[in-house]
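Reviewing the structure listed below.
The values are calculated or read from the model by the stated rules, or taken from the named source; none is laboratory data. Just so we're clear, the structure is a prediction, and the values are computed from it rather than from any experiment. Heads up, the Cβs are rebuilt from the backbone with ideal geometry, glycines too, and the neighbour counts pull from every protein chain shown. With ligands, DNA and RNA removed, areas are computed over all heavy atoms of the protein, side chains included. Shrake-Rupley method; radii C 1.70, N 1.55, O 1.52, S 1.80 Å.
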Amino acid sequence: MSSETLFVGTIITVDESRPRAEALLVRDGRIAAVGDASELRGRAAADAQLVDLGDAALLPGFVEAHGHPSDAAIVLSRVMVDIRPVVLATAAEVMQALHDGIAARPDGVVFNGWDGLLQTGLADPTIQQLDERAGSTPVVILHNSGHVAYFNTAAARRAGITRDTPDPVGAHWEKDAAGELTGKGFEVGAVLALLGGTLAAAEHELPDLLGGYLASLNAVGITTVSDMSWDARKRPALDAARAAGGLTARLRLYEMSGPGVTASVPLRNGDELVRQVGVKTWADGSPWVGNILISFPYLDTAGTRSIGVEPGSHGSANYTREQLDEVVERYFPDGWQLACHVHGDRAVDRVLDCWEALLERHPRTDHRLRMEHVGAMSPAQFERAAALGATVSILIDHVYYWGDVLVDELFGPEHGGPWANARAALDAGLRVSFHNDGTVTPAEPLRNLAVGMTRTTRSGRRLPGAGGVTLDEAIRAETLDAAWQLFSEHEVGSLEVGKLADLVVLSADPYTVAPDALPELRVLATYLAGERVYVA
Ligand SMILES: [Zn+2]
């Protein structure tokens, strides 16, 4: 049988030299030809499989530029109890889930997805409250942002954490006036210390869980995903998943930076399916828990009080300039791309200052230094980033899920309105990607297109203060420009001869539907290297 497939119909290539085509020929997993239907019918083998797209449209498979597949696979499995705001809308439902989860798992339970700003009425739990609720059952509750974990005394004891435990780099254990643990651990170093036992116990399940999670990404049209919390200790599980045929999306790994270490693999590594391309770093934390570094104050509202933020606070960063300098120096000179988590405008300045000095010490063209999420980044800062040759990956779904909270509860229209300002980034000349950030928001590239264009919140409000992007720009942010950020534009991201045949079939041509209706398009099929990995 031939290994050729000929697609005929509406084909959106994301190739500027030929934005549309009538036919696309796939041979041995790669794109062999793009062009007119009559011409390609003549070039296809006699027994090539024909796919008539009908009313559907063929696009490059979506690229999730900032994901967390190896974590999300575990977090969304039965290893943890799912209490995310997209699953449980109200505080009452969350409290019921806590009650049920503790009763069902007396040996210890981890909940994921707490968000007091969306699940209105939830106030941050104290260690005393969790002790009363759970007694000797170790309980850890992960905030939906991933930047805070709440825990009780039993969980602290099991993890070996006491009032005298030193803070991990870039993280801290909150203490009360008497120096006692309050039951809040901030940032990845603290979160991992609390979850270590749970993650280790789940490790043997990771190959299966990862395959299942990647299948869920295929169902929304994603064919390449970055892993922004890669840890080399997961390598055996990744290899096992690959051997079992479970890797139905390409992985681009960003190893988490850590104190005193350098990258665990050489710069040249991997292949088209799995490759480490960079290193993840951090500057500040999450707007939803009060630890982003901003030039403007948090408002005094019921929302800010519920998350324990002092009114008037300008937040905080997790890394000083000196610590940022120390981290970048251990990876960048070896040739690595860096992807830095940063939200607050003052933290953005700190990162840009750090990178400007870094590039003076170690000049490099085409470094593609990445800033991640960039909620409060200003137009002038986007221009400064562009001058440095940097790029931004934007959590555009913040606008949809938290847009009302940003304006009404946290920062007001002036600073909350232009949150995640993709228009300003593009106008500054930056290449931009959109992302959903693992379990923080659902993987939903089609909604990202709509949100980027309309900047409309879940309640239907159009946020003030920033323009929308065009559909062309939005699609590039989910395909070619996202692939470019992953140093993978030579192999995926557009439909061009020689590239891998990673494809998504949408139920209609996105250019024929209103922006608000884009999320309702259906993914009919997804292909990886010409193999169908999802069908509706
Ligand atoms: Zn992330």
Cα centroids of the range 1-61 and the range 318-336: how far apart, whole angstrom? 45
Average accessible surface area per residue within the chain, 1.4 Å rolling probe, Å²: 37
Treating the range 1-56 as a set of equal point scatterers at the Cα positions, no solvent, please give the Debye-formula log₁₀ I(q)/I(0) at q = 0.13, 0.21, 0.30 Å⁻¹. -0.28, -0.72, -1.27
What is the distance in Å between the Cα centres of the range 162-206 and the range 465-516? 39
Neighbour cut-off at most 12 other Cβ (10 Å), DSSP loop, trypsin sites (Lys or Arg not before Pro), the range 198-288: R268
Once the dipole of the chain is set up from charges on Cβ (+1 Lys and Arg, -1 Asp and Glu), the residue from the list I74, V94, F296 lying farthest towards its positive end is I74
Ordering S316, S433 by how much accessible area each has at a 1.4 Å probe, largest first, what is the list? S316, S433
Cα centroids of the range 365-392 and the range 233-286: how far apart, whole angstrom? 23
Given a cut-off of 17 Å, what percent of all Cα-Cα pairs of the range 1-139 lie beyond it? 71
For the chain, what are the DSSP H helices with axial Cα length of 15 Å or more and mean Kyte-Doolittle hydropathy of at least 1.0? 187-202
Report the percentage of all Cα-Cα pairs in the range 71-199 whose separation exceeds 23 Å, rounded to a whole percent. 25
All lysines inside 28 Å of K234 as judged from Cα atoms, apart from same-chain residues fewer than 8 positions distant: K184, K280
Dividing the Cα radius of gyration by the Kirkwood radius, what Rg/Rh value follows for the chain? 0.97
Options P445, Q337, Y527, ranked by Cα towards positive dipole end of the chain, top entry (Cβ charges): Y527
Heavy atoms only, probe 1.4 Å: what % of the accessible area of the range 71-199 goes to carbon and sulfur, would you let me know? 55
